[in-house]
Amino acid sequence: MTASFAAVVLLLATACSDSDGPRDELQLVENPTAATPADSPEQDETLEGTVLDVDGDVTSVAINGGTLAAAVTGDDDDAGVLFYRLGSLGERPERVDVDGPVERLTASGDQFVATVPSEDTVLYLTPGGVVGKTSVDGGPTSVAELNGRTLVGLREDKAVAVLEHEQQTARTSGELASADQVLLSSEGAAIVLDRLRSAVFEVQDDEGDIGLGLRAGQGATNAVADRYNRVLVVDTREEYLLAFSLDPLVLRQRYPVPGGPYGIAYDPQRDLAWVTLTARNEVVAFDVTGGEPQETARFATVRQPNAVTADSPRGTVVIASGDGEGIQVIEP
């Protein structure tokens, strides 16, 4: 932790010492392309829990009030969202067709929110169908909601849009290369993950600006907010789990997680961060309450476990395959 903090201080000091003109230190990554999940080997282990067959690749999963939603894309690019009852997994799921592949599902009230970048839309879904649709130009990737406002990450426009009552009221300006995931901390601070820069940035949504940014390894891919006003980020390229505290934004922990970490979910009731390892077909639970993460569980998973979500009331963890191998539901 000390070495990581020193590296951050050095990075910022170098940026301040350059008097020759504007310089973007956060752009200096070894590979200026977004990191992707490691390819998975064939899975020959016995799998814990229940495996649900799915016709297609799962791009995102989320749980809301005992309902599991899974975004699926088929071989012919037909896209939809499947809805399961966690207590009745043997029943046929409800399916809602959508116009394009869903990038990320998020629970919101008694609904699910789905971003569809190819169609520039944000969808509001229930098992009964699409109950709302908002057009947001710029390739929406994810949403975060607070006090009647919705923050929408825009990959193509390299910005974060602010919606009120489904109408855009502001759009940030700043130095983003890509707005891939927007999160809200436990104290209401907004953060955006930029995969191209492998960095996290504060979002000053009231002022319409992108604020302080810090490097998040060499290949940040996914993140969650925990209940300690921190953001936990997966560095897929260098294989670390990073913890950033907020107010101010500071890197606090850098913990090695070998095996191609990619997906991450958080269970606030048990303080567990679930991280998928795509190079090993595994999911690992880390207790994140202390000075560094402590492994508490490890399970073999469906092949290519790109997506994961956790249900805090039940302790259930759901892992989804990005290679047509279905959905695995584990109740530890």
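The values are calculated or read from the model by the stated rules, or taken from the named source; none is laboratory data. The shown structure was predicted, so the numbers you read here are calculated from the model rather than taken from an experiment. Positions of Cβ are generated from backbone atoms using ideal geometry, with glycine treated the same way; all protein chains shown enter the neighbour counts. These accessible areas exclude ligands, DNA and RNA; they are computed on the full protein's heavy atoms, side chains included. Shrake-Rupley method; radii C 1.70, N 1.55, O 1.52, S 1.80 Å.
Counting only strands (runs of 3 or more DSSP E) that sit wholly inside the stretch 172-219, those with at least 2 residues that are under 17 Å from the mean Cα position of the chain (by Cα) and crowded, with 20+ Cβ neighbours inside 10 Å are 181-184, 190-194, 199-204. No other residue among A297, A285 is within 22 Å of R254 (Cα to Cα), out of contact with any helix residue (DSSP H, G or I) (no Cβ under 6 Å at 6 or more places or on another chain) and open to solvent by 20 Å² or more (accessible area, probe 1.4 Å) apart from A297.
Residue under question is G80, and the condition is that it be of a type in the set (G, A, S), outside any loop (DSSP other than H, G, I, E, B), open to solvent by less than 50 Å² (accessible area, probe 1.4 Å) and modelled with pLDDT of 95 or more; does it hold? The answer is yes for G80.
How many residues are open to solvent by 10 Å² or more (accessible area, probe 1.4 Å) and in a loop (DSSP other than H, G, I, E, B) when one looks only at the stretch 273-282? Lay out the reasoning, then the answer.
First, the residues of the stretch 273-282 that are open to solvent by 10 Å² or more (accessible area, probe 1.4 Å): 279-280, 282.
Retained after the next criterion (residues that are in a loop (DSSP other than H, G, I, E, B)): 279-280.
Qualifying residue count for the region: 2.
I'd like the residue in the stretch 89-109 that is modelled with pLDDT under 95 and either within 13 Å of I63 (Cα to Cα) or not in a loop (DSSP other than H, G, I, E, B) (or both) and, out of all such residues, is nearest to the chain's Cα centre (by Cα). Within the stretch 89-109, the match that is nearest to the chain's Cα centre (by Cα) is S108. Here R270, R227 are screened, and the one residue that is within 20 Å of I319 (Cα to Cα) and surrounded by fewer than 19 Cβ atoms within 10 Å (Cβ to Cβ) is R270.
Considering only residues of the stretch 146-162 that are among the small types (G, A, S) and in a strand (DSSP E or B), which is surrounded by the most Cβ atoms within 10 Å (Cβ to Cβ)? Among them, the one singled out is G153. Restricting attention to the stretch 221-256, the residues that are over 19 Å from A35 (Cα atoms), in a strand (DSSP E or B) and of a type in the set (F, W, Y) total 1.
Each residue in the stretch 252-263 was checked for being closer than 25 Å to Q43 by Cα and open to solvent by 20 Å² or more (accessible area, probe 1.4 Å), and 3 of them qualify.
Residue check: G291 meets all listed conditions (1) in contact (Cβ under 8 Å) with a residue 24 or more places away in the chain; (2) open to solvent by 10 Å² or more (accessible area, probe 1.4 Å); (3) over 22 Å from F244 (Cβ atoms) but one, namely (3). Given G208, G217, which one is on the phi > 0 side of the Ramachandran plot and at pLDDT below 95? On inspection, the qualifying residue turns out to be G208.
Condition check ((1) modelled with pLDDT of 95 or more; (2) among the hydrophobic types (A, V, I, L, M, F, W, C); (3) within 19 Å of G66 (Cα to Cα); (4) part of a strand (DSSP E or B)) across all residues:
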{"site": "R270", "(1), (2), (3), (4)": "yes, no, yes, no"}
{"site": "G290", "(1), (2), (3), (4)": "no, no, no, no"}
{"site": "N306", "(1), (2), (3), (4)": "yes, no, no, yes"}
{"site": "T309", "(1), (2), (3), (4)": "yes, no, yes, yes"}
{"site": "A320", "(1), (2), (3), (4)": "yes, yes, yes, yes"}
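Does the stretch 110-145 hold any residues that are in a loop (DSSP other than H, G, I, E, B) and open to solvent by less than 70 Å² (accessible area, probe 1.4 Å), and which are they? Within the stretch 110-145, D120, P127, V136, G138, G139 qualify. Of the residues contained in the stretch 233-245, none is found to be at positive phi, surrounded by fewer than 23 Cβ atoms within 10 Å (Cβ to Cβ) and modelled with pLDDT under 95.
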